[in-house]
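The values are calculated or read from the model by the stated rules, or taken from the named source; none is laboratory data. Being a predicted model, the structure only gives us computed values, none of them experimental. Cβ placement follows ideal geometry from the backbone for every residue including glycine, while neighbour counts extend to all protein chains displayed. In case anyone asks, the SASA skips ligands and DNA or RNA and just uses the protein heavy atoms, side chains included. Shrake-Rupley method; radii C 1.70, N 1.55, O 1.52, S 1.80 Å.
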Amino acid sequence: MNNKFTEYFKDLLDPEDYNKFISQINEGKVRTALRVNTLLAKAGIKDIGSDFEKLQNIPWSPNGYFYESVISIGNTECFKSGKVYSQEASSQIAVELLDPKAGDYVLDLCASPGSKTTQIAALVDNEALIIANEISPDRYVKLRNNLKDFGVVSHAITALDSTFFAKNYINTFDKILVDAPCSGEGMYFKFPAVLKHWNIKTIKFNAKRQRKIIEDAFVALKPGGKLVYSTCTLNLEENEKVIAHILKKFFGNAQIVNIDMKKHGLYVKGGGRKTKEPMLKIWPHEFKTGGFFACILTKKTSTESGDSKRVSHLTARQKRQTAHVVEKKNVREGWKLCMKKEEMSIVKALLKQAGLASVDFPKMFAIVKHDGEYYLQTHSFYKRFADLPVRSVGAKVLDKNNKATPEALVWLKTL
């Protein structure tokens, strides 16, 4: 922590809250938290056994819990079987505010490592189409592995600049989550160097990038849809001022949706929160968690195509990262929907290897063949996203030797 950081936040908080805030930052510890993955833990908290002690529900997350444990969560059987996900408590609010529903087209624009993507899939029981986008190739593997391990199959992973969605998918998505790259002040307990090297120039650089991302996301949002903008940081430049920018940019069309603090368990008695507020900021000292900001936006009317023609403003590094896009598989190229007879044959082979007699095959899914292997995908890709450049789509169910894949076996457990 440095003087620039403390002086900045001294101006944002009253003396009592400021002292509590600094005290919590100096302590550097938060309450450990997890989220029960209801895709695989069908009975919820009853399914996680005795791996954790002193479980206490997180007020704003029905499947989230504070806990204590004598061993690392990664060494528990519940985690290894995908029944629990290690997710910081304050970050679990973003998807609850997004409120995804079955049948939605959902865009998770900054998805890696997949915490919120898996949370979205669990809330809709794999019945919404999720596009998990991550521009950094280095972070793809972690995202892909998490979606596989935690039973997420109704998805595609893309590695595209946000401008791609603004230009090609205007007024398309029912729900969009922009959990934006940020300075990470709220992750003080994990990355203390962030506060040590805090400076306003870095903050403003982040804010410029965030404004571009949220602009593109808003263009891709359906009229009447819901966009949640969130960060794990606490300053004004990356949060409230980004929202002010989008309200000005799309004046009269972009609107803030009030957050009902009482409904989400965020009302702090004596803490100055109203029952409803336009934006949410979770301060570390309030719940002994990480810091977090979130705001819900909606769109009144369609965005005209001309509104999306903006310069990309990519850095040299981002240009290198996006160069690989042309190499990726297109959903339409080389993929063939299996006819009913072949589909039934694949499902039968899969069930035999899994030791199951039968399964209710979800209507929204199809079996697709690509390069001698079989994949489980949703029909929505062929209806709306056939030209989307993807890194991976759905779940591979049989390999070239007609052997069931690990992710196929995980998917069967979600049914």
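Counting only protein chains, not ligands or nucleic acids, how are 35, 209 ordered by accessible area (probe 1.4 Å), most first? Write out the running numbers ahead of the final one.
On the way: 35 5, 209 75 Å².
Sorted descending by solvent-accessible area, the residues read 209, 35.
What accessible area per residue, rounded to a whole number of Å², is obtained for the chain using a probe radius of 1.4 Å?
Numbers: 19040 Å² over 415 residues.
It amounts to 46 Å² per residue over the chain.
For a test of the definition: using alpha carbon positions, the gyration tensor, and the 1.5 limit on a/c, classify the range 98-252 as rounded, prolate or oblate.
Working: a/c = 1.93, a/b = 1.22, b/c = 1.58.
Note, shape of the range 98-252 comes out oblate.
Multiply the residue separation of residue 344 and residue 403 by 0.36 nm, subtract the distance between their alpha-carbon atoms, and state the gained length in nm to one decimal.
On the way: separation 59, 0.36 × 59 = 21.24 nm, distance 1.57 nm.
Taking 0.36 nm per residue and subtracting the Cα distance, the gain is 19.7 nm.
Which whole-number percentage describes the relative contact order of the chain, with Cα contacts under 8 Å and a sequence gap of 6 or more? All intermediate terms of the calculation are to be shown ahead of the outcome.
Working: 805 pairs, mean separation 67.0, N = 415.
With pairs under 8 Å counted, the relative contact order is 16 percent.
Report, in listed order, any pair from 80/352; 101/167; 142/341 with a Cα-Cα distance greater than 29 Å. Before the final figure, lay out each step's value.
Values: 80/352 24 Å; 101/167 25 Å; 142/341 36 Å.
Among 80/352; 101/167; 142/341, the Cα-Cα distance tops 29 Å for 142/341.
Quick check on the range 176-283: take the gyration tensor over C-alpha atoms, sort the square-rooted eigenvalues as a ≥ b ≥ c, and tell me if it's rounded (a/c under 1.5), prolate or oblate. All intermediate terms of the calculation are to be shown ahead of the outcome.
On the way: a/c = 2.08, a/b = 1.10, b/c = 1.89.
Oblate, because a/c is 1.5 or more while a/b does not exceed b/c.
Using a 1.4 angstrom probe on heavy atoms only, work out the carbon and sulfur share of the accessible area of the chain in %. Provide the component values of the computation, followed by the final result.
On the way: 9700 of 19040 Å².
Accessible surface attributable to carbon and sulfur in the chain totals 51 percent.
Could you please state, rounded to a whole Å, how far the C-alpha centre of the range 188-235 is from the C-alpha centre of the range 64-127?
After rounding, the separation between the Cα centres reads 20 Å.
Quick one, which of [x] 20.5, 59; [y] 21.8, 71; [z] 24.5, 73 is the actual Rg and Dmax of the Cα atoms in Å calculated for this model?
Answer label, from the structure shown: [y].
Give me the one-decimal nm value for the distance between modelled label points at residue 364 and residue 99, 7 Å along each residue's Cα-to-Cβ direction.
Computed distance between label sites residue 364 and residue 99 equals 1.8 nm.
Please state the relative contact order of the range 343-415 as a whole percent: Cα pairs under 8 Å, 6+ residues apart?
On the way: 78 pairs, mean separation 21.6, N = 73.
Here the relative contact order equals 30 percent.
Probe 1.4 Å, all protein chains in place: accessible area of residue 219 in Å², nearest 10?
0
Per DSSP H run of at least 4 residues, take -39500 (n - 2.57); add these up for the chain, divide by its residues and hand me the 222 nm value, nearest 500 deg cm²/dmol.
-9000 deg cm²/dmol
List the aspartates and glutamates whose Cα sits under 18 Å from the Cα of residue 20, skipping any in the same chain fewer than 8 residues away.
7, 11, 185, 286
Express in Å², to the nearest 10, the accessible area of residue 335 obtained by rolling a 1.4 Å probe over the protein heavy atoms while all chains stay in place.
Approximately 20 Å² of residue 335 is accessible to the 1.4 Å probe.
For the chain, find the longest principal axis of its Cα atoms and tell me its angle to the long axis of helix 140-149, 0 to 90°, nearest 10.
So the inclination is approximately 70 degrees.
Between residue 125 and residue 247, how high is the FRET efficiency from 1/(1 + (r/R0)^6) when r is the Cβ-Cβ distance and R₀ = 30 Å? Nearest 0.05. Mind dumping the intermediate values first?
Working: r = 34 Å, r/R0 = 1.14.
The value I calculate is 0.30.
Just flag the chymotrypsin sites (Phe, Trp or Tyr not before Pro) in the range 95-202 sitting in loop per DSSP whose Cβ has no more than 10 other Cβ atoms within 10 Å.
Working: sites: 105, 140, 150, 164, 165, 169, 173, 188, 189, 198; in loops: 150, 169, 188, 189, 198.
Of the chymotrypsin sites (Phe, Trp or Tyr not before Pro), not one in the loops of the range 95-202 has a Cβ with at most 10 other Cβ atoms within 10 Å.
Got a sec to turn the phi values of the range 199-206 into Karplus ³J(HN,Hα) couplings, 6.51 cos²θ - 1.76 cosθ + 1.60 with θ = phi - 60°, whole Hz, x for Gly and Pro?
Once θ is set to phi - 60°, the couplings for the range 199-206 become 8, 5, 5, 5, 4, 5, 5, 4 Hz.
Within the chain, what's the longest run with no GluC sites (Glu not before Pro) in a DSSP loop and at most 15 other beta-carbon atoms within 10 Å? Give the range, please. Intermediate results must be reported in sequence, preceding the final value.
Working: sites that count: 304, 333.
With a cap of 15 other Cβ atoms within 10 Å, the longest stretch comes to 1-303.
Which entries of 46/148; 204/249; 46/116; 281/396 show an alpha-carbon separation above 30 angstrom in the structure shown? Intermediate values should be presented prior to the final figure.
Numbers: 46/148 23 Å; 204/249 18 Å; 46/116 22 Å; 281/396 40 Å.
Exceeds cut-off: 281/396.
Give the residue list of trypsin sites (Lys or Arg not before Pro) in the range 226-295 that are DSSP loop and have at most 12 other beta-carbon atoms within 10 angstrom. Let's see the in-between values first.
On the way: sites: 226, 241, 248, 249, 262, 263, 269, 273, 274, 276, 281, 288; in loops: 262, 263, 269, 273, 274, 288.
Hits after loop and neighbour filter: 262, 263, 269, 274.
Using modelled amide H (1.01 Å from N, peptide plane; none on Pro or chain starts), what sits under 5 Å from the amide H of residue 161, excluding residues fewer than 5 places away?
Amide H neighbours of residue 161: none.
Helix 340-354 versus the longest principal axis of the chain: what angle, 0 to 90°, nearest 10, using Cα atoms?
70
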